[in-house]
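Q: Quick one: this structure, given as structure tokens, is what I'll be asking you about.
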Amino acid sequence: MSVGAGFLDQVNRSFDRAAAFTPHDPALLANIKTSKNLFYTSFPIKRDDGRIEVMHAWRAEHSHHKLPCKGGIRYAETVDAEEVQALAALMTYKCALVDVPFGGAKGGIRLRPKTYSPAELERITRRYVFELVRKNFMGPGLDVPAPDVGTGPREMAWIADTYTQLRPGELDALGCVTAKPVSAGGIRGRVEATGRGVFFGTRELCGVAEDMKALGLTPGIEGKRVVIQGLGNVGYFAAKFFQEAGAVLVGLAESEGAIANPKGLDLEKVMAHRRERGTLLDAPGATNLARREDALELECDMLIPAALERQITAENAARVKAKIVVEAANGPTTNEADEILSRRNIMVVPDAYINAGGVTVSYFEWVKNLGHVRFGRLQKRFEQGAYSRLLQAVESVTGRQFSPDEIERVTKGASEEDLVNSGLEETMIGAYHPIRREWKERRGQVDLRTAAMIVAIDKVALSYEQLGIFP
Ligand code: NAD
């Protein structure tokens, strides 16, 4: 069985487990579960040395109950039809959990990005977009990609440029893809969004004293010992926000190996070392672990897998020492591992909720692109004036003069980044409590993942029920 097939089965089994707790018609549940469209293409590209190579690429649209569809594009050797379908399904449930009005999608090209030059990657990306557009698998109202493993703002800019070339005069063309660089129509705060969302969500659940007590932990992030696997876009920013909030990074893992220090690693020093030497290993103050997977078994309070799917398995789950597993990556825990962790009273915070910060801010970017105006542009100065007048009134009533620092802090109008981060924080906090409620109401019967899936299924089911069936 391919990794992708195992992953799709894993997502579908989570769905089935949750679906059994819902009152919905089995036919409706089958409709929700099934992927709606699957696009496969192969195309030739010219390597820099003149050789021709055939690429294999996919796009899965899991649900059309809300449009456009939304989901990242992955460049990795593991990409296949099942992997994109699994990830697309997760996107449907994720968008539902954070009330982002999109259906789920995911795409990918089977390749190892490090073995291609930037010019080759650009040709591959542009040709992929061309194929998607030709088959109506892309567009601001149809299907809107974003980054995933192996892609980032650079690829998103190429995608936006190719799409706008193919659709001259389309007013909303920039809304065809998100996580673009700001200068290419992106939004401030998107690069950090998934990691920041992981932090906001974890801080919220760690704030519930009763739940922390049940795990033998104290509330709050400060002092929590954290291990992070994968220091790419999601893992790096998650690590940064946890460290800034006072968590102790006791272990870090990357593809080349893993390091540990029970007293804490300095993230920026480790990253500087990796940039210089090309490896995490031998970072100052760190002990190298024998195998990179050993990081998953370190003594810690919180384990944050932020690399790839199927990392915590039946083989290693019994040795995980964390009290909380925070699924920053998509699908890092297999169903068998889930059962083992659950039996051991380890809280698993599901991917569909905890890594939804990226799609949340992508939604803000899409809204910005359709609105053709930067958030904050209209009200920032107005807010500044209103707060200044209020402060002056307080000064005149109390006779107290505020310092320039105090005035600056209080009268600051909201910038685009302030608004994005505030919207993200509100979303992650707001989305946690319905999941927790479901979990608590079915105490002992469901874990957090099943609770989240029940909440997501209910929302998607309501949409389908209200929309009816065409024809
Ligand atoms: P990325 O490519 O930026 O980072 C992944 C990192 O993991 C890389 O640095 C890679 O070297 C490392 N890695 C790979 N295999 C590893 C291993 N066995 N052990 C340790 N490290 C390993 O990708 P990303 O965008 O950060 O995505 C990471 C995960 O988060 C994926 O599961 C992705 O689907 C999910 N995700 C990403 C976003 C987003 O906005 N980028 C949003 C939601 C979920």
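Q: Based on this model, can you work out whether Ala18 counts as more than 19 Å from Gly468 (Cα to Cα), in contact with a strand residue (DSSP E or B) (Cβ under 7 Å, 6 or more places away or on another chain), crowded, with 21+ Cβ neighbours inside 10 Å and among the aliphatic types (A, V, I, L, M)? Steps first, answer last, please.
A: On the way: more than 19 Å from Gly468 (Cα to Cα): yes; in contact with a strand residue (DSSP E or B) (Cβ under 7 Å, 6 or more places away or on another chain): no; crowded, with 21+ Cβ neighbours inside 10 Å: yes; among the aliphatic types (A, V, I, L, M): yes.
Spelling it out, it is not the case that Ala18 is more than 19 Å from Gly468 (Cα to Cα), in contact with a strand residue (DSSP E or B) (Cβ under 7 Å, 6 or more places away or on another chain), crowded, with 21+ Cβ neighbours inside 10 Å and among the aliphatic types (A, V, I, L, M).
Q: Kindly list, by first and then second residue, each pair from a residue in segment 160-171 that is more than 18 Å from Ile187 (Cβ to Cβ) to a residue that is in a helix (DSSP H, G or I) and open to solvent by 60 Å² or more (accessible area, probe 1.4 Å), limited to pairs with Cβ atoms under 7 Å and residues at least 6 apart or on different chains.
A: Thr162/Arg126; Thr162/Phe130; Leu166/Phe130
Q: For segment 424-446, which residues satisfy the criterion of being touching a helix residue (DSSP H, G or I) at 6+ places or on another chain (Cβ under 6 Å) and over 16 Å from Met347 (Cβ atoms)?
A: Leu424, Glu425, Thr427, Met428, Ile429, Ala431, Pro434
Q: Is segment 460-468 home to any residue that is in a helix (DSSP H, G or I), within 30 Å of Ile187 (Cβ to Cβ) and open to solvent by 30 Å² or more (accessible area, probe 1.4 Å)? Explain how you work it out, then say what you get.
A: First pass over segment 460-468, keeping only residues in a helix (DSSP H, G or I): 460-467.
When the remaining residues are screened for being within 30 Å of Ile187 (Cβ to Cβ), the result is 460, 462-463, 467.
Checking the rest, the ones that are also open to solvent by 30 Å² or more (accessible area, probe 1.4 Å) come to 462, 467.
Yes, because at least one residue in segment 460-468 is in a helix (DSSP H, G or I), within 30 Å of Ile187 (Cβ to Cβ) and open to solvent by 30 Å² or more (accessible area, probe 1.4 Å).
Q: Also, I was wondering about something else. For Asn136, work out the one condition from (1) crowded, with 20+ Cβ neighbours inside 10 Å; (2) on the phi > 0 side of the Ramachandran plot it doesn't fulfil.
A: (1)
Q: Is there a residue being within 16 Å of the ligand (Cβ to nearest atom) and not polar (S, T, N, Q) anywhere in segment 138-145?
A: Residues of segment 138-145 that are within 16 Å of the ligand (Cβ to nearest atom), as a first pass: 144-145.
Retained after the next criterion (residues that are not polar (S, T, N, Q)): 144-145.
Yes - at least one qualifying residue is present in segment 138-145.
So that you can scan it fast, the table gives a plain yes or no per residue for (1) touching a residue at least 40 places away in the same chain (Cβ under 8 Å); (2) open to solvent by 40 Å² or more (accessible area, probe 1.4 Å):
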site	(1), (2)
Phe375	yes, yes
Arg381	no, yes
Gln384	no, yes
Arg389	no, yes
Ser396	no, yes
Pro404	no, yes
Glu408	no, yes
Ala414	no, no
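Q: If we only count helices (runs of 4 or more DSSP H) wholly inside segment 325-418, which ones have 2 or more residues that are within 16 Å of the ligand (Cβ to nearest atom) and farther than 30 Å from Val446 by Cα?
A: On the way: elements: 335-343, 351-354, 357-371, 380-398, 404-411.
Because the criterion is at least 2 residues that are within 16 Å of the ligand (Cβ to nearest atom) and farther than 30 Å from Val446 by Cα, the helices (runs of 4 or more DSSP H) in segment 325-418 that meet it are 357-371.
Q: Restricted to segment 149-158, and to residues that are free of Cβ contacts under 8 Å to residues at least 40 places away in the same chain and under 11 Å from Val129 (Cα atoms), which residue is least open to solvent (accessible area, probe 1.4 Å)? Explain how you work it out, then say what you get.
A: Kept after step one, since they are free of Cβ contacts under 8 Å to residues at least 40 places away in the same chain, are these residues of segment 149-158: 153-154, 156-158.
From what is left, the residues that are under 11 Å from Val129 (Cα atoms) are 156, 158.
Working: Met156: 1, Trp158: 33 Å².
Here the answer is Met156.
Q: Which condition number does Thr178 fail, the rest of (1) within 30 Å of Lys269 (Cα to Cα); (2) buried (at least 18 other Cβ atoms within 10 Å of the Cβ); (3) within 16 Å of the ligand (Cβ to nearest atom) being met?
A: Single failed check for Thr178: (1).
Q: Something else about it: Just to be sure I understand, how many residues within segment 289-324 are in contact with a strand residue (DSSP E or B) (Cβ under 6 Å, 6 or more places away or on another chain), outside any loop (DSSP other than H, G, I, E, B) and either among the polar types (S, T, N, Q) or away from the ligand (no atom under 15 Å from the Cβ) (or both)?
A: The qualifying residues number 2.
Q: Let me ask something additional. Give me a count of the residues in segment 255-285 that are open to solvent by 20 Å² or more (accessible area, probe 1.4 Å), in contact with a Lys or Arg (Cβ under 9 Å, 6 or more places away or on another chain) and more than 13 Å from the ligand (Cβ to nearest atom).
A: Result for segment 255-285: 5.
Q: Taking strands (runs of 3 or more DSSP E) that fall entirely within segment 176-283, which contain at least 1 residues that are more than 21 Å from the chain's Cα centre (by Cα) and in contact (Cβ under 8 Å) with a residue 40 or more places away in the chain? I'd like the intermediate steps shown before the answer.
A: Values: elements: 225-229, 248-254, 257-260.
The qualifying strands (runs of 3 or more DSSP E) are 225-229, 248-254.
Q: Sticking with this structure for a sec: Regarding segment 102-123, can at least one residue be identified that is among the hydroxyl-bearing types (Ser, Thr, Tyr), away from the ligand (no atom under 12 Å from the Cβ), touching a residue at least 60 places away in the same chain (Cβ under 8 Å) and open to solvent by less than 10 Å² (accessible area, probe 1.4 Å)?
A: For segment 102-123, residues among the hydroxyl-bearing types (Ser, Thr, Tyr), away from the ligand (no atom under 12 Å from the Cβ), touching a residue at least 60 places away in the same chain (Cβ under 8 Å) and open to solvent by less than 10 Å² (accessible area, probe 1.4 Å): absent.
Q: Is there any pair linking a residue in segment 295-315 that is under 22 Å from Thr194 (Cα atoms) to one that is more than 10 Å from the ligand (Cβ to nearest atom) and in a helix (DSSP H, G or I), with Cβ under 6 Å and at least six apart or on different chains, and which?
A: If the second residue must be more than 10 Å from the ligand (Cβ to nearest atom) and in a helix (DSSP H, G or I), the pairs left are Glu309/Phe7; Ile312/Ala337.
Q: Quick one: in segment 36-66, which of the residues that are among the hydrophobic types (A, V, I, L, M, F, W, C) and either touching a Leu at 6+ places or on another chain (Cβ under 8 Å) or closer than 30 Å to Ala96 by Cβ (or both) is surrounded by the most Cβ atoms within 10 Å (Cβ to Cβ)? Write out each step before concluding.
A: Step one: of segment 36-66, the residues among the hydrophobic types (A, V, I, L, M, F, W, C) are 38-39, 43, 45, 52, 54-55, 57-58, 60.
Now drop any that are not either touching a Leu at 6+ places or on another chain (Cβ under 8 Å) or closer than 30 Å to Ala96 by Cβ (or both), which leaves 38-39, 55, 57-58, 60.
Numbers: Leu38: 16, Phe39: 20, Met55: 17, Ala57: 23, Trp58: 26, Ala60: 29.
Here the answer is Ala60.
The values are calculated or read from the model by the stated rules, or taken from the named source; none is laboratory data. All of these numbers come straight from a predicted model, not from anything done at the bench. Cβ coordinates were reconstructed from backbone atoms using ideal geometry, including for glycine residues, and neighbour counts include every protein chain displayed. Surface accessibility is based on the protein's heavy atoms, side chains included, excluding ligands, DNA and RNA. Shrake-Rupley method; radii C 1.70, N 1.55, O 1.52, S 1.80 Å.
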